[in-house]
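One structure is given below, encoded as structure tokens.
Nothing in this text is a laboratory measurement; each read-out follows from the coordinates by a stated rule. Nothing here was measured: the structure is a model prediction, and the numbers come from that model. A quick note on method: Cβ atoms are made from the backbone with ideal geometry, for glycine too, and the neighbour counts reach across all protein chains shown.
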Amino acid sequence: MNRIVVKIGSNILAEGGGGLNQKRISALAKDISEAAGSGHEVVIVSSGAVAAGMKKLGLKTKPREICLKQAAAAVGQSSLMWAYEKSFEDFNRKVAQILLTREDFSDRGRYLNSKNTLVTLLSYGIIPVINENDTVATDEIKFGDNDQLAALVSGLIDAERLVILSDVDGLYPEDPKGNTKAKVIPCVDEITPALETMAGGTGSVVGTGGMYSKILAAKKAMSYGIKVNIISGKKKGLLTALLNGEPHGTEFRPRTRSISSRKGWIAYAIRPKGTLLMDEGAVHAVLRAGKSLLPSGILSVKGAFDTGDAVYCTDPHGKRIAKGIVNYSSPDVERIKGKRTSEIEAILGYKYSDEVIHRDNLVLLP
């Protein structure tokens with residue numbers, strides 16, 4: 001089975017006058033049902049709860065206050081799921097609601113439990129519809145978006161493809177609204193800083209993510225070895241055509257070597273609690289020689305963290321080059337930094353490990 005994640009944004013689902021565009025949801029349900037019927041396992045990551053709640057609350061513009069956004073999400077989530085359930089029933093498909101927060105990805109146990117739940121639903125032919133739990137996840141409303149969630153879900157379930165439905169046809173070299181002659185970039189093999197800068201910009205009226213957010217999501221998914229497509233979500237049958245092999249929008253081709261699911265979890269799912277500044281020798285050992293991080297290579301410690309937390313690792317100039325799970329707390333690392341491994345036990349009174357971060361728990365950042 002080909003496992004696919006389809007991300008649907010608020011700008012695709014929202015009606016011009018407020019609420020949800022039921023006709024578009026029905027058209028998407030048709031395309032996704034056809035994909036499920038042709039040998040694909042499909043997971044939907046959907047925005048739209050706040051947009052649906054805005055109409056119920058009589059709001060004409062997207063609320064700025066966090067509490068009001070949460071209220072709109074709470075009111076609108078049931079409408080969003082009812083719209084999906086009603087549409088998919090027409091094609092004899094069942095859907096399931098999954099609400100996730102950042103903590104569901106940060107905690108390893110909850111991460112694996114989420115994966116098991118999703119895989120079980122797929123095994124029964126059910127299409128999961130995932131959204132951030134905006135009613136309780138303040139940080140997600142303020143800074144997050146479902147493009148990033150879709151990338152994390154793609155890595156979580158070992159998807160082969162992530163399809164991001166956008167209100168434009170794909171990635172353009174310049175704003176197509178300003179230059180009607182601009183053409184979609186058909187293929188991207190590497191996401192460079194220049195490409196990220198080119199895609200910079202703000203999001204839609206009802207959503208939180210713009211093209212820059214989609215580029216960052218594609219970058220994460222590609223590191224897992226997942227193919228990413230950005231296509232228009234407003235054209236009927238386009239998803240079906242894409243999955244049948246027709247080129248549409250922009251395709252991001254993953255690098256040959258991909259990180260493991262566990263290292264993807266370390267790189268993208270866990271929130272870092274601190275930073276370790278490394279000397280040049282440690283930078284070379286980590287980057288070039290594939291070594292673990294030893295206490296002798298640490299210059300300074302920033303932040304407060306415990307054993308098992310994630311931290312960034314930087315070069316002497318502060319540039320982030322890696323992220324990993326520490327074997328010692330920040331007070332203990334402060335005491336053993338710059339010391340040899342043979343001195344750890346004498347300094348701390350115990351020695352859990354020779355390494356502050358073992359190579360198996362260390363991920364190099366792009």
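Out of the stretch 306-346, which trypsin sites (Lys or Arg not before Pro) are coil in DSSP terms and have no more than 14 other C-beta atoms within 10 Å?
Answer in residue order: 319, 340.
May I ask you to sort 45, 311, 283 by Cβ crowding, counting other Cβ atoms within 10 Å and putting the fewest first?
Ranked by crowding around the Cβ, least crowded first: 283, 311, 45.
Given axes a ≥ b ≥ c from the Cα gyration tensor, I'd like to know whether the stretch 14-128 is rounded (a/c under 1.5), prolate (a/b larger than b/c) or oblate.
Because a/c hits 1.5 or more and a/b fails to exceed b/c, the stretch 14-128 counts as oblate.
Would you kindly state how much longer the chain becomes between residue 235 and residue 60 on full extension, computed as 0.36 nm times their sequence separation minus their alpha carbon distance, in nm to one decimal?
Stretched out fully, the residue 235 to residue 60 stretch lengthens by 60.4 nm.
Say a site is exposed when it is one of the chymotrypsin sites (Phe, Trp or Tyr not before Pro), sits in a DSSP loop, and has at most 10 other Cβ atoms within 10 Å; what is then the longest site-free stretch of the chain?
The reported range is 144-349.
So how much slack lies between residue 167 and residue 182, counting 0.36 nm per residue of separation and subtracting their Cα-Cα distance, in nm?
Taking 0.36 nm per residue and subtracting the Cα distance, the gain is 3.8 nm.
Please order 171, 112, 156 by the number of other Cβ within 10 Å, starting at the fewest.
112, 171, 156
Given points 7 Å out from each Cα along the Cα-Cβ axis, report the residue 319 to residue 342 separation in nanometres with one decimal.
Inter-label distance under the simple model: 3.4 nm.
Computed FRET efficiency, Cβ-Cβ of residue 2 and residue 280, R0 51 Å: what is it to the nearest 0.05?
Efficiency for this residue pair is about 0.70.
Averaged over every viewing direction, what's the projected area of the C-alpha convex hull for the chain? Give it in nm², one decimal, please.
Over all viewing directions, the chain projects a mean Cα-hull area of 19.2 nm².
Please work out the FRET efficiency for the pair residue 358 and residue 192, using the Cβ-Cβ distance as r and a Förster radius of 41 Å; give the result to the nearest 0.05.
For R0 = 41 Å, the calculated efficiency reads 0.85.
Find the relative contact order for the chain and round it to a whole percent, using C-alpha pairs within less than 8 Å whose residues are 6+ positions apart.
Over the chain, the number comes to 14 percent.
What shape does the stretch 246-362 have by the C-alpha gyration tensor, where a ≥ b ≥ c are the square roots of the eigenvalues, rounded means a/c under 1.5, and otherwise prolate means a/b greater than b/c and oblate the rest?
Note, shape of the stretch 246-362 comes out prolate.
With labels modelled as points extended 7 Å from the Cα through the Cβ direction, what inter-label distance (nm, one decimal) is found for residue 350 paired with residue 89?
Going by the 7 Å Cα→Cβ label model, 5.8 nm.
Summing -39500 (n - 2.57) over the DSSP H runs of n ≥ 4 in the chain and dividing by its residue number, what mean residue ellipticity at 222 nm do you reach, to the nearest 500 deg cm²/dmol?
-11000 deg cm²/dmol
Just to verify a number: FRET efficiency for residue 82 and residue 262, C-beta to C-beta distance, R0 = 30 Å, to 0.05?
My answer for the efficiency is 0.20.
Please give the contour-minus-distance gain from residue 67 to residue 304: 0.36 nm per residue of separation, less the Cα-Cα distance, rounded to one decimal in nm.
82.4 nm
In a Gaussian network model over the chain where Cα atoms closer than 10 Å are linked, find which of 292, 123, 154 has the largest mean-square fluctuation.
123
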